[in-house]
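One structure is given below, encoded as C-alpha cells.
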Amino acid sequence: MPPSHQAGPGPRLSRQESLFPLGDLFPESAGDPCPETAGDLYPETAGDPYPETAGEPAPGPARTRSDRAPAPAAPSPEAARLLDVREIHAEPAAAASPRGRQILARFPHARLIEIDSHWRVPHLHGNEGNVERWVRVKTETLVLGVRKTLTTRPNGRSADWIAPGASNGCAMACAYCYVPRRKGYANPITVFTNIDAIIAHLGRHVAGQGVKPEPNQCDPSAWVYDVGENGDCSVDALICDNTADLIRAFRSWPTAKASFATKFVNRDLLGLDPRGRTRVRFSVMPPRDSRLLDIRCSPVAERIAAAEDFLEAGYEVHFNLSPVVLRPGWEADWGELLRHLDDVLPPAVKAQAAAEVILLTHNRELHEVNLGWHPRAEDLLWRPDLQQAKRSQNGDTNVRYRTGVKGPAVRRLRELIAAHAPWLTLRYAF
C-alpha cells in the first residue's frame, strides 16, 4: 500500500473475514465476473445485456439514544441493500442539529460515536485494514459533520458552478471513483447536517449572479450548479432530506438549476416537484463494463428506463457517457449501448437530452486500494501500456490515456453517437 498512509488502531482482518461474498458485490450475476466473456457478465439474460427490467465496532464513547423519535417506515429493498447502518460517527454539533436528529431517528439501532472531526474518525481514516472491508464499511457506517467551508467554485463543463456539497462519499463502490483518493482506507458517506447554511450560501450566490447574459454549453439560460460533486444525491436521499431541500430551493430560483450525476434510481425523488429546475444526469456505460466496475449501482438498463419517469416528474434528464474504458471490444459495446438508448427512449426525452463523454482517468493510490478489495477491476482500469502520468493540481498522481490513444478514441465515440444517437447533443468530450 502507499507509504503515505499509516495503519490506524484496530486489528487487520483477513480477506475471508471481511470481504462480502461475491454475490453481494455483484448481486445481478452469479459466478465469477470476467471482462472478456459476456456470458459470465449477463448470465441471467442469456446474452441480452438490456433486459426490460432490470464488522467490528469502532472504539469511542457511545451515547444513549432513548430520547430519539420513532424510526420511519422500513426502507425499500434497494435502500436496505445499500445501507445497513450500524455505526454513526458524529461531531456533537452535527448530531444535535435538526438534520442530525432526523438521521439518527432513521437509523435507531446504530451505535452513536462522538468524534472531533468528520475528517478524523478513529478506526476508519488511515486504517489500512479497512481496504479489505471496503464495501462493508460503506454499508454499515455513516459519518455526520458540519461543513465549515462554504465555497462555490467555477466549472464551465457540465455546470457553471460547483456548489458546496451536502455530502462526501457514497454507499456505492464504483471502482474508478475519485472521491476515495483523499480519504484514506475507507469511504463511507459523510453527511453535512448544516444544510440550511449551505442553501443560504447558494441563495446569495445565485442572487449575486443575476440573469445569465448569454447561452453556453452548460445551459442556454440558467446558471447550473453541480450539487453532488463528491457523492450521489439519489443515495443521499435515502438517509435524510438534504437532497429534497436542495431541489425545493432551486425550484424557487428562476435563474438557476441544480444538477447532479447518479447511478442509482431512487423513485422517491419523483414526488419532489422540481419544476424543471433540477437536472438529473444518469451515468451510463456498456453493461459489460458496469457489471465489473459499477459495484452496488442500479443496472444500466434500469437507469435508462427511468429517464422518461423523471422527465414526466419535472426533472431535466441528461446522460453521462462515462467513464469510457478502452479495452478490446469497447467500440462495439458502446455502439450497442447507443442503439439501446435510441430504441427505448421516447421522443420527449430525446428532444431535451444532452450528454458529456469522459474517458477514464485513474489514480495510483486508488489502484493500490482496489488491489486490496477488487483486483479484477484493475485489469481494465490500470493499463500502463495505454496510459500516461498526469500530476493534478492537488498533487495526486493520476493516469490518463496517452495523447495518441485518447484523441482517436474521442473521435470514434463522436462518430458512434452521430451514427446511432444523432439526436443526443454532446456537451463536451475529453
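Here are some notes:
- For the stretch 376-391, backbone phi angles converted through the Karplus equation (6.51, -1.76, 1.60; θ = phi - 60°) give residue-by-residue couplings of 4, 4, 5, 4, 9, 7, 9, 10, x, 6, 10, 10, 10, 6, 9, 8 Hz, Gly and Pro being listed as x.
- The largest-to-smallest principal axis extents of the Cα set in the stretch 331-430 are 44, 27, 25 Å.
- Ranking Tyr428, Tyr315 by solvent-accessible area of protein heavy atoms (1.4 Å probe, all protein chains present), from largest to smallest, gives Tyr428, Tyr315.
- Global geometry of the stretch 96-199, whether rounded, prolate or oblate, following the gyration tensor of its Cα atoms and the 1.5 cut on a/c: oblate
- Straight-distance candidates among the lysines for linking to Lys138, with alpha-carbon spacing under 23 Å and chain neighbours fewer than 8 residues away dropped: Lys183, Lys263.
- Figure legend: label point modelled 7 angstrom from the Cα of Asp309 along Cα→Cβ; residues of the stretch 249-271 with amide N under 15 Å from it are 263-271.
- Lys, Arg +1 and Asp, Glu -1 on Cβ, resulting dipole of the stretch 190-313 about Cα centre, debye, nearest 20: 160
- Per residue, the stretch 98-148 exposes 38 Å² of accessible surface when a 1.4 Å probe is rolled over the protein heavy atoms with every protein chain present.
- Residue-wise HN-Hα couplings along the stretch 205-210, as the Karplus relation 6.51 cos²θ - 1.76 cosθ + 1.60 with θ = phi - 60° gives them from phi, are 5, 4, 4, x, 7, x Hz; Gly and Pro carry x.
- The mean accessible area for residues of the stretch 162-286, using a 1.4 Å probe and ignoring ligands and nucleic acids, is 30 Å² per residue.
- Between the stretch 175-225 and the stretch 105-174, the alpha-carbon centres lie 15 Å apart.
- For the stretch 204-294, with all protein chains in place and a probe radius of 1.4 Å, 47% of the accessible heavy-atom surface sits on carbon or sulfur.
The values are calculated or read from the model by the stated rules, or taken from the named source; none is laboratory data. Please read all numbers here as calculations on a predicted model, not as lab measurements. Note that we place each Cβ from the backbone using ideal geometry, even for glycine, and neighbour counts take in every protein chain shown. To get the accessible areas, we keep the full protein, side chains included, count just its heavy atoms, and leave off ligands, DNA and RNA. Shrake-Rupley method; radii C 1.70, N 1.55, O 1.52, S 1.80 Å.
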